[in-house]
Amino acid sequence: MTTGGAPRAGAAGRLPGGPALPAALLAGLLATGCGASGSAGASGTPSPPASTTSPEELCTRIVAHWSREVLDSTAYGDYQSMGLSNGQYEILRTVVDAARIAKKRQGADAADELIGREAAGGCADRYRSGGPTEGPWQ
């Protein structure tokens, strides 16, 4: 008999539902975990995940984020610690320089809008032909 709700010896490893529950959980995980990501499409090639982010969109998000972070700073920081490539870092520097001028002349809201617009434009130009090819850091 137990007191205070503590399990009896031998019952600690037992799950409610008996041995069928762990087997059912494992089967469910295997069925859902191996779905579309490894399946082949009609052409016989693997299908991409349903919700992929394009390199251009990812670039825009990360450049805009870090541009807003460093806007009021006097230094840019290390591009690698930001998770940026060298090319994305160049876009960031251009965006932040323009945003600082806009903030001075037109205010913070104008600078924020400019960051979104310029980050999207710079990343669109960078990834227009499918991505950089000069090296892994580019």
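The values are calculated or read from the model by the stated rules, or taken from the named source; none is laboratory data. Just so we're clear, the structure is a prediction, and the values are computed from it rather than from any experiment. Glycine also receives a Cβ, built like all others from the backbone with ideal geometry; neighbour counts cover every protein chain displayed. The area values use the complete protein model at the heavy-atom level, side chains included, leaving out ligands, DNA and RNA. Shrake-Rupley method; radii C 1.70, N 1.55, O 1.52, S 1.80 Å.
Restricting attention to the stretch 56-78, the residues being open to solvent by less than 70 Å² (accessible area, probe 1.4 Å) and either part of a loop (DSSP other than H, G, I, E, B) or under 22 Å from residue 130 (Cβ atoms) (or both) number 10. Among the residues making up the stretch 111-120, those that are open to solvent by less than 30 Å² (accessible area, probe 1.4 Å) and of a type in the set (Gly, Ala, Ser) are 111, 116, 119. Among the residues of the stretch 109-132, none qualifies, meaning not one is at pLDDT 95 or above, within 15 Å of residue 60 (Cβ to Cβ), touching a Gly at 6+ places or on another chain (Cβ under 7 Å) and in a helix (DSSP H, G or I).
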